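Notes follow the structure.
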Amino acid sequence: MKTKPRIYLSLILLALLFSGLAGCASVRPWEREYLADEAMSFDPDPLETSWHLHLEEVSEGSRGGYSGTGGGCGCR
Amino acid sequence: MKYLFFVMVSLVLLLDFTAKHVMAIDPPEDEVSMVYNLYAGGGISVRGPAVIVRKEMMGKTAIEAGARVDLVSSASIDVVTQASKYSEERKEYTLGGSHIFGETLVSASYTLSDEPDYTSDTYAFGMSHDLFDKNLTLSFRVARSWDKVGQNDDPDFGWKDFSRTLYTASLTQSFSPRWLVQFNYEVSADDGYINNPYRSALSTNNALIDEHYPDARTGQAVVFRTRYAFLEETSEGPGRLESAIQMDYRYYQDTFDVRSHTGKILYQRYLVSNWLAGAFYRYYQQDAASFYGDRLPVDQLFRARDKELSTFSDHWLGLTLKYKPRRRTWGWIENPYFKAGYSFILFKYDNFTDPRNGELYSKEANVVSASFGFNY
């Protein structure tokens with residue numbers, strides 16, 4: 001993991017960028033109708049999402065980044 | 001790891017103190033979700049139901065319980081070339097709860113997974129915080145599992161320990177009434193018996209030799225996701241939400257030297273007001289682990305012939321359809337929905353051969369799901 005300091009620095013910069021932009025972006029509570037629609041949800045069906053993440057995790061060499069999943073694999 | 005934790009905690013405190021106005025997080029709802037899943041491909045079949053029930057209490061607290069059963073039948077390429085076809089059952093139970101403290105949602109859960117040769121106990125703790133009129137949501141999650149790995153065919157194998165810890169941080173920002181962006185970072189740390197006790201590697205003269213993995217693995221995943229809404233045009237200006245598009249990218253690397261790129265594009269559209277159709281395409285490409293080999297020298301210290309650690313790519317293509325009846329109340333059932341999904345997956349391996357014919361291996365899989373849910 002030679003890239004560790006670079007990754008942490010990128011994360012801090014990105015977090016600061018997000019927090020800075022948050023001050024500029026001003027979606028008011030009464031303007032959230034579209035954002036509240038289920039078609040705008042990153043995870044509308046948690047059961048379906050956990051099943052897909054489990055399939056990806058046991059079929060591929062990478063894992064994570066979306067949410068944690070536990071348990072065995074039933075995959076040999 | 002301590003440094004990362006310190007950075008994240010500092011960011012939470014910094015954002016907390018600088019927030020000018022904070023909105024309350026949405027209260028929980030009484031909810032039931034059920035799904036039946038099926039996966040069939042590469043000689044493996046997995047099918048079974050799952051259910052989750054959530055109960056709201058006093059407006060700020062929710063408890064939930066879930067269960068899943070997977071019936072696994074396997075004649076995968078590893079199984080047919082090195083062992084015998086088998087069937088087994090995996091059961092998973094989850095108990096969790098959440099509470100809203102002021103403007104922060106705190107949640108915790110416990111998951112037990114049990115199969116004849118594998119058990120897992122997972123504890124998870126998470127928190128989410130809305131800032132800047134709900135324009136920014138900051139989330140953290142820590143999960144740790146303690147697993148036991150067995151071997152059905154060898155009573156002398158006993159049970160080997162394996163543990164995994166996940167640290168996840170997430171930022172979700174709404175940039176406009178139609179545009180969301182999310183950034184996730186996750187670190188995973190594995191310790192213990194990482195091998196698959198059933199699989200062997202192949203030597204350069206095609207003899208079966210034991211696999212040998214390092215006993216620790218640390219991975220990092222960075223995910224960027226964005227979602228944008230398209231609105232119906234009416235004579236009076238923008239109307240209801242007509243469709244939405246989502247684009248994801250993930251970069252992953254770990255101490256096995258596995259590096260991967262994942263891209264996904266998802267499009268959803270209301271056919272009529274109560275029918276929501278979706279289509280997605282996902283592409284995944286990874287480079288092999290440093291100690292992976294289709295054929296390996298006998299004197300190499302670490303050895304693996306796990307196709308999931310080889311160089312390969314896969315393509316997923318999927319469709320979903322969700323229906324919400326116009327009648328919203330059926331006795332004590334409210335807001336029911338029905339959903340069906342189908343996806344097709346093609347895996348193409350670049351340096352994993354089928355020992356039966358010596359050709360590069362590839363496989364196809366079909367994934368089907370049917371779900372039903374409601375409030376009560």
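We did not get these values from a lab; they are worked out from the coordinates using the rules stated. Keep in mind it's a predicted model, so treat the numbers as computed, not measured. Here Cβ is always computed from backbone atoms with ideal geometry, including for glycine, and neighbour counts include all displayed protein chains.
Normalised by 2.2 N^0.38 Å, with N the number of residues, the alpha-carbon radius of gyration of segment B:2-375 equals 1.12.
Each peptide in B:305-311, B:103-109 receives the mean, over its residues, of other Cβ atoms within 10 Å, and ordering these scores from highest gives B:305-311, B:103-109.
Peptide B:218-227 has a mean of 4 when you count, residue by residue, the C-beta atoms of other protein chains within 10 Å of its C-beta. From its DSSP helices (H runs of at least four residues, each -39,500 (n - 2.57)), chain B gives a residue-normalised ellipticity at 222 nm of -2000 deg cm²/dmol. Let me make sure I get this right: for segment B:108-195, a, b and c are the square roots of the gyration tensor eigenvalues over alpha carbons, sorted descending. Under 1.5 in a/c it's rounded, otherwise prolate if a/b > b/c, else oblate. Which is it? It comes out prolate by the Cα gyration axes.
With a cut-off of 14 Å between beta carbons, the residues surrounding B:A62 carry a summed charge of -3, where Lys and Arg count +1 and Asp and Glu -1. Can you tell me which of B:D153, B:D287, B:D190 moves the most in a GNM of chain B? Springs connect C-alpha atoms under 10 Å apart. Result for chain B, Cα springs under 10 Å: B:D153 fluctuates most. Summing charges over neighbours of B:S145, with a neighbour being any other residue whose Cβ is under 15 Å away from its Cβ, gives -2 when K and R count +1 and D and E count -1. Go through B:N375, B:L95, B:T119 and say which Cα lies farthest out towards the positive end of the charge dipole of chain B; charges sit on Cβ, +1 for Lys and Arg, -1 for Asp and Glu. Comparing the listed Cα positions along the dipole, B:N375 ranks first. Shielding by partners for peptide B:242-255, expressed as the average number of C-beta atoms from other protein chains within 10 Å of each residue's C-beta, is 3. For the listed peptides A:54-64, B:118-128, a ranking on the average number of other beta carbons within 10 Å per residue, highest first, reads A:54-64, B:118-128. Remark: the B:F224-B:W332 segment gains 34.9 nm on full extension, using 0.36 nm per residue and subtracting the alpha carbon distance.
Suppose each label sits 7 Å from its Cα in the direction of the beta carbon; what would the B:D114-B:R240 distance come out to in nanometres? The modelled label-to-label distance comes out at 4.7 nm. Once the convex hull of all Cα atoms in the protein assembly as shown is built, its volume per residue stands at 148 Å³.
For the peptide A:26-33, the mean number of other protein chain Cβ atoms found within 10 angstrom of a residue's Cβ is 5.
Normalised by 2.2 N^0.38 Å, where N is the number of residues, the alpha-carbon radius of gyration of segment B:104-149 equals 1.62.
For chain B, what relative contact order do you get, as a whole percent, if you take Cα pairs closer than 8 Å and at least 6 residues apart? Value for chain B: 12 percent. Close amide-amide hydrogen proximity is noted between B:T311 and B:A288, B:D350, B:N351, each under 5 Å apart and 5 or more residues distant or on a separate chain (H modeled in the peptide plane; Pro and chain starts excluded). To the nearest ten degrees, helix B:2-18 and the longest principal axis of the Cα atoms of chain B are 10 degrees apart.
Rounded to the nearest 20, the Cβ-based charge dipole of segment B:2-375 about its Cα centre (Lys and Arg +1, Asp and Glu -1) stands at 1200 debye.
Average the reciprocal distances over every distinct pair of alpha-carbons in segment B:265-376, invert the result, and give the Kirkwood radius in Å. Roughly 17.5 Å, rounded to one decimal.
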